[in-house]
1. Once phi is turned into ³J(HN,Hα) by the Karplus curve 6.51 cos²θ - 1.76 cosθ + 1.60 with θ = phi - 60°, what whole-Hz value does each residue of the stretch 164-172 show in order, with x for glycine and proline?
2. Note down the relative contact order for the chain as a percent, whole number, built from C-alpha pairs under 8 angstrom at least six residues apart.
3. Dipole magnitude of the stretch 176-324 about its Cα centre, charges +1 at Lys/Arg Cβ and -1 at Asp/Glu Cβ only, in debye to the nearest 20?
4. May I ask you to work out the translational diffusion coefficient for the chain at 20 °C, viscosity 1.002 mPa s, via Stokes-Einstein with Rh from the Kirkwood sum over Cα pairs, reported in whole µm²/s?
5. Return P(r) of the stretch 234-297 (all Cα-Cα pairs; 10 Å bins starting at 0; whole %; ordered from short to long distances).
6. To the nearest 10 square angstrom, what accessible area does residue 36 show with a 1.4 Å probe?
7. So what's the back-of-envelope 222 nm ellipticity for the chain, counting only DSSP H runs of four-plus at -39500 (n - 2.57) apiece and dividing by all residues, rounded to 500?
8. Cross-link candidates for residue 300: which lysines have Cα within less than 21 Å, leaving aside residues fewer than 8 places away along the same chain?
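The values are calculated or read from the model by the stated rules, or taken from the named source; none is laboratory data. The shown structure was predicted, so the numbers you read here are calculated from the model rather than taken from an experiment. Note that we place each Cβ from the backbone using ideal geometry, even for glycine, and neighbour counts take in every protein chain shown. To get the accessible areas, we keep the full protein, side chains included, count just its heavy atoms, and leave off ligands, DNA and RNA. Shrake-Rupley method; radii C 1.70, N 1.55, O 1.52, S 1.80 Å.
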Amino acid sequence: MNAGILGTGHDYPEGVLTNADLEKIVDTSDEWITTRTGIKQRRKAADNEYTSQFAVRAANKALEDAGVDAKDVEIILCATTTPDQILPSTGCLIQKELGATNAAGMDVFAACSGFLYGISMVESMIRTGQIKHALVIGAEVLTKYVDYTDRSTCVIFGDGAGAAVLGAVPEGKGILATKILSDGRYEEQLFAPGGGTKLGTTHETIDNRDHYFKMRGNELFKVAVRSMSKISKEMLDKAGYTVDDVKIVIPHQANQRITDAVASRLKVPKEKVYSNIAQHGNTSSASIPIALDECLKDGKIVEGDLVLMTAFGGGVTWGGTLVRF
Ligand code: UT7
């Protein structure tokens with residue numbers, strides 16, 4: 001048996017933050033954001049909304065889609081960089097809300113690559129028969145970690161959650177190749193230094209805005225394109241396919257120009273590379289599962305299709321996964 005994706009779901013806040021709204025907050029313009037990122041709007045959680053709420057709704061939709069009862073899930077991995085709180089893990093809070101009384105819940109902390117990290121981790125558990133069903137969720141409320149005085153980061157991030165139920169599928173289907181990697185030397189290209197054991201939470205860290213994400217977008221851009229293109233090729237080679245065999249590529253929705261550059265390096269026509277960044281912005285670990293669910297529900301992916309997913313994020317982290325539906 002292989003591990004496969006049995007069902008998916010997604011959810012996001014009702015609140016919308018448009019480029020016009022941002023023009024009123026920071027020194028930016030719709031024209032700059034659109035041409036440099038492809039983003040037109042992003043979802044924004046209300047003050048009383050938090051990550052696990054979106055995760056639970058996405059997870060319930062995925063369970064219903066898969067026809068799997070929450071009590072039959074044995075592990076819940078919540079990929080998030082924006083947890084509800086430091087302790088306990090968001091995975092535990094989701095486990096409680098779902099009534100998944102036979103599951104272990106925990107978080108995967110791998111920034112935008114978190115969903116593919118989660119997929120990679122449960123893949124072998126299912127393939128070897130250690131567990132029957134897993135729930136992998138990517139969920140973020142990034143707008144609460146974004147510094148709205150820093151125009152180079154605040155315009156790209158948005159909120160949302162996507163989930164997938166995984167279980168055994170016949171050989172030839174499901175996950176055909178998957179790989180995750182990290183390189184901590186690039187730590188300071190995207191980081192939030194405050195609040196941990198290194199700097200703690202002090203008046204100084206708050207005044208320095210160290211609890212917010214800081215990003216060297218331009219440097220990250222190049223590493224993102226290089227890493228996602230390389231690992232995508234590796235996944236195809238490993239499984240013995242070429243890009244021509246792939247129905248759709250779902251890259252992490254970081255920036256439309258990153259997506260276009262990856263498509264060009266892989267020599268895939270743009271029509272075969274999914275993008276929803278105009279509506280959602282960059283939702284970090286939620287971007288791939290939201291995109292995947294949209295593709296499945298819109299009929300862009302049907303049974304038998306080969307789908308290539310690739311992610312890149314702070315850490316830096318990256319990953320690739322090739323799936324036959
Ligand atoms: O999710 C995974 C991790 N994240 C990423 O992979 C993000 C990767 N990086 C990016 O998406 C892009 O680098 C950004 C969208 C963040 C920035 O775009 P860029 O084309 O790399 O711009 P830049 O940082 O090179 O800045 C170019 C200019 C600068 O002005 P000067 O110095 O040339 O006068 C910036 O100050 O654009 C300016 N700028 C802005 N102008 C208007 C930066 N942000 C803005 C803004 N509005 N929001």
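1. 9, 9, 10, x, 6, 9, x, 4, x
2. Across the chain, relative contact order equals 25 percent.
3. So the magnitude is around 380 debye.
4. Estimated via Stokes-Einstein, D reaches 110 µm²/s.
5. Pair shares across the bins are 21, 52, 26, 1.
6. Result for residue 36: roughly 110 Å² accessible.
7. Value at 222 nm, helices only: -10000 deg cm²/dmol.
8. Partners within reach: 61, 173, 247, 267, 270, 272.
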